[in-house]
Each structure stands twice: as structure tokens, then as C-alpha cells.
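Reading through the C-alpha cells given below for one structure.
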């Protein structure tokens with residue numbers, strides 16, 4: 001048997017190098033459609049990401065990967081050596097900063113759940129290092145945080161290949177493998193043995209080049225506190241998707257960010273809750289159903305988050321999946337999925353009970369919380385969490401998140417700020433990205449239409465600029481047709 005394995009490993013490099021094995025473009029440059037040492041975009045409307053009113057009929061100059069000038073078309077000089085492009089009826093925005101994105105995908109949800117043997121040895125998710133970076137970039141995500149890793153060495157390699165120009169994709173803040181406690185549902189997650197191991201775990205992955213950490217549902221308070229302390233010693237941040245630890249306990253432990261919103265993850269209001277134990281079933285959300293955002297306990301939570309500078313990441317698209325009557329996946333989403341992934345999603349959607357009003361109530365309550373948190377001065381971040389039932393895809397889901405924030409009550413300009421500048425602020429990169437100003441990186445989205453008036457125009461991406469190079473979104477999307485869930 002060992003000889004056979006060695007034989008396979010010996011011939012694999014030759015197979016991969018065989019003519020015709022690799023189809024399509026082989027590096028990022030193959031997707032670039034607009035690039036010059038100096039580039040001038042004329043007659044564009046500019047939404048700068050700060051929440052300020054749009055500026056009409058602007059000229060934006062890109063030079064050496066940065067924005068060198070921005071101003072009214074009539075008074076902004078254009079260098080004589082610039083490549084000039086006119087974009088009347090188009091808008092330029094900062095590139096999206098996705099703060100809950102993944103390079104994996106839950107493609108076979110129903111297949112695993114309905115297996116006669118059950119989910120053994122635990123739920124397994126698929127890494128999609130080929131399709132995910134392309135879809136993120138195509139949708140205008142120019143920077144992202146992976147917010148949990150299943151294949152950490154693959155994620156690190158994806159980042160290095162993107163930065164080397166060998167793979168198209170966003171700049172990536174790579175999050176280490178999940179900091180998870182005993183009893184995890186996932187086959188690919190390690191289970192911590194205690195706070196000492198949590199600290200060693202952070203030290204090890206920080207040394208490999210991970211730049212963020214994420215605690216997960218079954219971690220204990222002591223493990224979370226140890227992990228947070230270790231991350232902060234390295235000058236890094238830790239976020240958390242919790243259940244066994246309540247949000248007030250996580251604030252006390254030193255967490256920097258909390259994922260998904262409390263309606264789905266904060267167990268503090270569950271009756272007879274046991275410390276360091278995740279309540280079973282839907283107990284967390286059921287407890288929140290009896291609450292209003294105006295309740296003293298909820299307003300107290302908001303004040304505690306803000307006082308301790310803890311951000312909250314909105315991930316509305318993944319929860320929209322489970323709400324009956326919501327819009328189905330778009331054609332572009334279905335086309336990008338593999339056959340198995342598409343069938344799994346459609347089977348899940350068909351199983352939703354149209355008479356069940358609870359998911360819609362929970363989604364609305366979460367929207368109301370996020371609006372109240374931001375209005376009080378909290379730092380709200382945005383990301384889709386492309387997991388769940390599989391109907392949320394990388395990139396497309398990031399756009400949908402901004403649209404759902406508008407449904408939640410944010411103005412389009414406020415929602416765009418959440419999805420751009422706020423993420424850059426949390427990452428400590430707002431001096432370079434997240435908004436449009438002279439001197440910043442030319443990480444930009446050019447869309448047809450005006451998202452300030454119609455947020456859905458955010459989907460009409462014409463060119464995505466990353467470090468000043470203009471990528472063709474249509475070419476990137478076409479390259480992954482039928483691939484999401486496979487690679």
C-alpha cells in the first residue's frame with residue numbers, strides 16, 4: 001500500500017505539468033483590462049466611503065498604484081502621459097473590505113446531513129482556493145479577512161500567490177484555524193484542552209504569518225481570555241463567533257470583535273444557562289425573541305461594547321438564507337455553483353416552511369440591533385459569511401450584505417461606509433484603504449449607475465482596481481462558472 005502511495009506521489013507532478021492539464025489564464029495579469037503608469041478616469045461620480053455626499057463629474061488620477069489626484073473634471077489637470085477613459089453615468093467607490101469572508105464553502109450540506117451514517121466524523125467543508133479569490137475580486141472586494149481557517153496552509157499560500165501576482169484576488173488578512181473547545185460539530189477543527197494550549201496555539205500560528213484569530217462556539221471563558229492575551233502580545237486582534245461564552249463574558253475576556261450579531265450568538269439571556277456550555281437547539285435565538293432593542297439589557301450590552309471598543313460584524317446574508325419568502329439566489333450565483341452545490345442549496349430552500357415567521361422576526365431584530373449599535377457610536381463591520389445553506393457566495397454575498405444594511409435602515413452612503421472604511425479602520429489600514437483620497441492605494445470599484453440612489457447598482461461592476469490595476473469582473477466570474485464547491 002505504501003509503495004502504491006509513493007508511486008502516485010511520484011507521478012503526480014508529471015500529470016500536473018502535462019500539456020492541457022491547466023486550462024485558462026495562469027496568472028493575475030490575464031484578467032487585467034485597464035492598466036497604465038498613469039490612468040485618468042473622467043466624468044465619474046465619486047462615493048468616497050466616508051459617508052459624505054457623492055461628488056459629481058470628477059476626475060480621478062491613478063499613478064503607480066495610488067490615487068494621485070481627485071477633483072472636479074473642469075479644474076483637475078490630467079498628466080500628458082495619462083491613459084484617459086471617460087465614464088459618464090458611472091460611479092467610483094472604495095474597494096469593499098470584507099470582514100467575514102472565507103476561502104471555504106459548505107457545498108454538500110444536505111448530502112452530509114441526510115447520509116444514512118450521519119455526519120461522521122463531523123461536518124466537512126470544502127476549500128475553494130481557486131474560485132473564492134476570483135469571485136471576491138470580481139465583486140469589488142479588494143481586501144478581506146478570512147475570519148476562520150479550515151486549511152490554514154492553503155490560505156497562506158493563496159495570500160502569497162496573490163501578492164506575487166500569480167493569482168487574482170484581494171489583499172488578505174489571514175485568520176488562523178479556529179480556537180474551538182470540546183464538542184465541536186466540525187471534523188476539521190481542533191479542540192483546545194485548556195487555556196495553556198490556547199496561548200500556545202496563538203503563539204504558533206502567529207509565527208506562521210497569521211494576522212488574525214477567531215474563537216468559536218465551544219471555547220471556554222478561560223481559553224478565550226488566554227487566547228486574547230496571547231494575540232494582543234503579538235499586536236494582533238481576535239474576533240469570536242460564540243455560544244458557550246456570552247457577549248458580556250467575551251468583552252471581559254478582551255475580545256476585539258464579535259461576529260454575526262447577538263441575536264444568533266449571545267447566550268446571556270438563556271434561562272438556566274450553564275457557564276462554558278453552549279445551550280442546545282435554538283435556545284439563544286429563542287431567548288432573544290422576547291427582547292427589544294430598547295430593553296435595558298440590550299442597551300447595556302451596546303454601551304459595554306462601545307466602552308470597551310469591541311466591534312460587531314454584520315453577516316445578514318447567511319441568516320437571510322433561512323427566512324422563507326426572501327429573494328432566491330440570483331442567476332449569476334446559481335451559474336457559479338457546482339451541480340452538487342446548486343442542488344444542495346435548492347433542496348434546502350424548498351424545505352423552508354412558509355408558515356414559519358420566526359426566522360423573519362430574528363432577522364429584523366438583528367437588523368434593528370445593528371442599526372442601534374452603529375447609531376450609538378459602535379464600529380459595525382460587514383461580511384456575508386459564505387457558508388450556511390450554500391446560497392451565499394464569495395463576493396456576491398459581500399454586495400448583498402451592503403444591500404441588506406440598507407434594508408436594515410442605513411442610508412446607502414452609511415452602508416457603503418460600513419463595508420469599506422469601517423473595515424479598514426478595524427484592520428488599522430484606513431490610512432491606505434477604505435476611502436478615496438489622494439495618496440491612498442487605488443483599490444477601487446467602478447460601477448455603472450449610482451449606488452447612492454440605488455444600492456443595487458453596486459452589483460453593476462465594470463472594473464475593479466486593486467493597486468491601480470483594473471480587473472475585468474466578467475472574465476473573473478466566467479473563469480469560475482460551475483466551480484464553487486469544487487475548487
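The numbers here are math on the coordinates, done by the rules we state, and not lab data. Fair warning: this is a prediction, and the values are worked out from it, not measured in the lab. With ideal geometry, Cβ positions are generated from the backbone for all residues, glycine too; neighbour counts draw on all protein chains shown.
Here is how the numbers come out for the structure above:
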read-out	value
Once the Cα gyration tensor of the stretch 175-246 is diagonalised, semi-axes √(5λ) in Å	18, 12, 11
Theoretical gain in end-to-end length, residue 364 to residue 36 [0.36 nm per residue, Cα-Cα removed]	113.5 nm
P(r) tail fraction, the stretch 309-426 - alpha-carbon pairs more than 24 Å apart, %	28
Kirkwood hydrodynamic radius of the stretch 227-370, Cα pairs, Å	17.0
Shape of the stretch 448-487, Cα gyration tensor, a/c cut at 1.5	oblate
Computed over the stretch 146-210, Kirkwood Rh from alpha-carbon pairs, angstrom	12.9
Sorted by Cβ neighbour density within 10 Å, fewest at the top, the residues 249, 370	249, 370
Helix-only [θ]222 nm of the chain, DSSP H runs n ≥ 4, -39500 (n - 2.57) each, per residue, nearest 500	-10000 deg cm²/dmol
Point-to-point label distance, residue 29-residue 187, nm (Cα→Cβ direction, 7 Å offset)	4.1
Burial ranking of peptide ranges 261-269, 193-201, 273-281 (average Cβ count within 10 Å, highest at the top)	261-269, 193-201, 273-281
Ascending count of other beta-carbon atoms within 10 Å, so fewest first, for 314, 285, 131	285, 131, 314
Full-stretch length increase - residue 84, residue 157 - with 0.36 nm per residue and alpha-carbon distance subtracted	22.7 nm
Cα-based equivalent ellipsoid, the chain: semi-axes from gyration tensor eigenvalues, Å	35, 29, 22
Volume per residue of the C-alpha convex hull in the stretch 365-487, rounded to whole Å³	130
Chain lengthening between residue 307 and residue 74 when straightened (0.36 nm per residue, less Cα-Cα)	79.3 nm
